[in-house]
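Derivation of every value follows stated rules applied to the coordinates shown; laboratory data play no part. Being a predicted model, the structure only gives us computed values, none of them experimental. Backbone-built Cβ (ideal geometry, glycine too); neighbour counts: all protein chains shown.
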Number of protein chains: 2
Amino acid sequence: MRFILKIAYDGTAYAGWQRQKNAVSVQQVLEEAVERALGKNVRVTASGRTDAGVHAAGQVCHFDSNSLTIPPERLPDCLNKYLPCDVRAVAGASGGDGFDSNRSAKRKTYVYSVYESSREMPLKQRYAVRVEKLPDLSALREFASLMVGEHDFKAFCASGSSVKTTVRTVYEIRFEEGISFGSRDLKIYVTGNGFLYNMVRTIVGELFDLANGRRTAKSLLTAFENGERGLLGKTMPAKGLTLLEVDYGDALRFDVE
Amino acid sequence: MRFILKIAYDGTAYAGWQRQKNAVSVQQVLEEAVERALGKNVRVTASGRTDAGVHAAGQVCHFDSNSLTIPPERLPDCLNKYLPCDVRAVAGASGGDGFDSNRSAKRKTYVYSVYESSREMPLKQRYAVRVEKLPDLSALREFASLMVGEHDFKAFCASGSSVKTTVRTVYEIRFEEGISFGSRDLKIYVTGNGFLYNMVRTIVGELFDLANGRRTAKSLLTAFENGERGLLGKTMPAKGLTLLEVDYGDALRFDVE
């Protein structure tokens, strides 16, 4: 039987999702919790890796066990006893072999958080990135519209990754302004059918550079055409990025969360 | 000369503002930073103590030195080099002896943060408190209106504190709903001319109990009349509370933050 989990984590202390030799990963603490809670040595597969320092509010993962009798909806409470408090199982479900948390994913939404301040703010610096000045929102929206749709995002991809195709569809880039703890916030929601390594962080960095006039729409279009990473701005820091939701359409429905 | 600082801190790791014998306080790390940065052994006085675990986005404090030649607006960068990253000086100013960060304060605003979830959320649990279900907002507003104004808040005060009077004026209690990282948030802003020990946390706990029907407006009015702490609900946890702003009217103006 395939057990499916929705999990949330504060990525600050982790070397990302994937198991590493010399650093603690989210995958490792999750597999260890399954072993301690259920006595099963399993391999847990996620919807996708998250990088070192990246957070998740709705990562989805699965593992297989044919000898486990626990009802899937009771899994979270069971595992949370053995998980560190910065990693939490928030919902459980079961699925047939046809369901794969990676391959069955239809859409993913990430949120990138920034705040405006001349100095680092202790209450914001953990999950958001400081900028001296938030760019103009209408400019951000205009440039974002150039990125929405099906494009070859090769230029937005960190080198060294091996994927069959670098064509992805971005369904939506949405901006949300706010004020918290006395300073301005901006959250950038990016939804797509899949993302290349570092793609969301490069999208956000490029949007800021475009809106701040450091590059032009023309250079962006050239980057789409010839796929050169050097034509785009810097990759934004990991700590501002959170995997918000993975959508499987009708293939996955969690009970009460 | 009197040097005035606006400071922000993540209170998680601290035993509150005030110096303690066997625990690290915000006052201690600030006084140590002044000594290391400026070579002066000073006593730093704040607008008021914050409790263990309580955060601040706009605490104000001052210290005196007649031999210091640094321009006050340069103090924050100077001190931040010697402060841990969960305590930051965000603005500096100077004032005459007439200004006292405690006695000159006209209004203070605290914000209390909660979120709705059946389980602890790693990305929220540091600065907000989980509730199973957010109470009805119109009920909260109705009961809050009974607390606004000048009252004897003796029943809202933790025992053991010694103050001349327990009469305080609450100017405003404001509610702000939102959604972040996939779940509902509620922020409760409380502004008053001053607050007793644990008063904001007791106000919030009592508002929730009233809105959830655990107590009635009548018992609240009785608590105002006879000052018995036992008539009110529990004190909410420290980690949800942040000192947002201290207002000194025209007596204090910070330059660029």
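Averaged over the residues of B:113-126, the number of partner chain Cβ atoms lying within 10 Å of the residue Cβ comes to 5.
Between A:I179 and B:R126, the modelled labels are 2.4 nm apart [label points 7 Å from Cα along Cα→Cβ]. In whole Å, what is the distance between the alpha-carbon centres of region A:218-239 and region A:169-216? Here the two parts' Cα centres lie 13 Å apart. Between copies, A:S219 shows label-point distances of 6.5 nm, shortest first, with the point placed 7 angstrom from Cα along Cα to C-beta.
Couplings for region B:94-101, taken from phi via the Karplus curve 6.51 cos²θ - 1.76 cosθ + 1.60 with θ = phi - 60°, read 10, x, x, 4, x, 8, 9, 4 Hz in order; Gly and Pro are left as x.
Using the alpha-carbon positions of region A:2-104, Rg (one decimal) and Dmax (whole number) come out as 12.5, 35 Å. The mean count of C-beta atoms from other chains within 10 Å of the C-beta of residues in A:135-144, rounded to a whole number, is 0. Beta bridges from DSSP with both residues in region A:107-244: antiparallel share about 90 percent, rounded to the nearest 5.
Taken over the Cα atoms of region B:107-244, the convex hull encloses 103 Å³ per residue. Between amide H atoms placed 1.01 Å from N, distances below 5 Å from A:Y14 occur with A:G53, all of them 5 or more places distant or on a separate chain. Couplings 3J(HN,Hα) of region A:201-216, computed from phi: 5, 6, 4, 5, x, 5, 4, 5, 5, 5, 5, 8, x, 6, 9, 10 Hz, in residue order, whole Hz [Karplus 6.51 cos²θ - 1.76 cosθ + 1.60, θ = phi - 60°; x for Gly and Pro].
Overall dimensions of the protein assembly as shown, expressed as equivalent-ellipsoid semi-axes from the Cα gyration tensor (√(5λ), whole Å, largest first), are 43, 31, 21. Under 5 Å between amide hydrogens, built in the peptide plane, is the criterion, and for A:G227 it picks out A:A155 among residues at least 5 positions away or on other chains. Sorted shortest first, the separations between the B:G96 label point and its copies elsewhere in the assembly read 8.4 nm; each point sits 7 Å from Cα along the Cα-to-Cβ line.
Between the C-alpha center of region A:40-99 and that of region B:20-79 there is a gap of 45 Å.
Size descriptors for chain A, from the alpha-carbon set: Rg then Dmax equal 19.1, 59 Å.
Ranked by how many other Cβ atoms sit within 10 Å of their own Cβ, fewest first, the residues B:F156, A:F195, A:F224 fall in the order A:F224, A:F195, B:F156.
Highest mean packing first, where packing is the average number of other Cβ atoms within 10 Å per residue, the peptides A:232-241, B:95-104, A:107-116 line up as A:107-116, A:232-241, B:95-104. Each Cα pair under 8 Å and six or more residues apart adds its separation to the average, and for chain A the resulting relative contact order is 24 percent. Taking amide H atoms as placed 1.01 Å from N in the peptide plane, list the residues 5 or more away in sequence, or in a different chain, whose amide H sits under 5 Å from that of A:G233. Those qualifying (amide H under 5 Å, at least 5 residues apart or on another chain) are A:E206. Scalar couplings 3J(HN,Hα) for region A:64-77, obtained by applying the Karplus form with A = 6.51, B = -1.76, C = 1.60 to θ = phi - 60°, are 10, 7, 8, 10, 8, 10, 5, x, x, 6, 8, 4, x, 4 Hz; x denotes Gly and Pro. Modelled spin labels at A:S159 and B:A13, positioned 7 Å past Cα toward Cβ, are 3.7 nm from each other. Other protein chain C-beta atoms within 10 Å of residue C-beta, averaged over B:84-96: 2.
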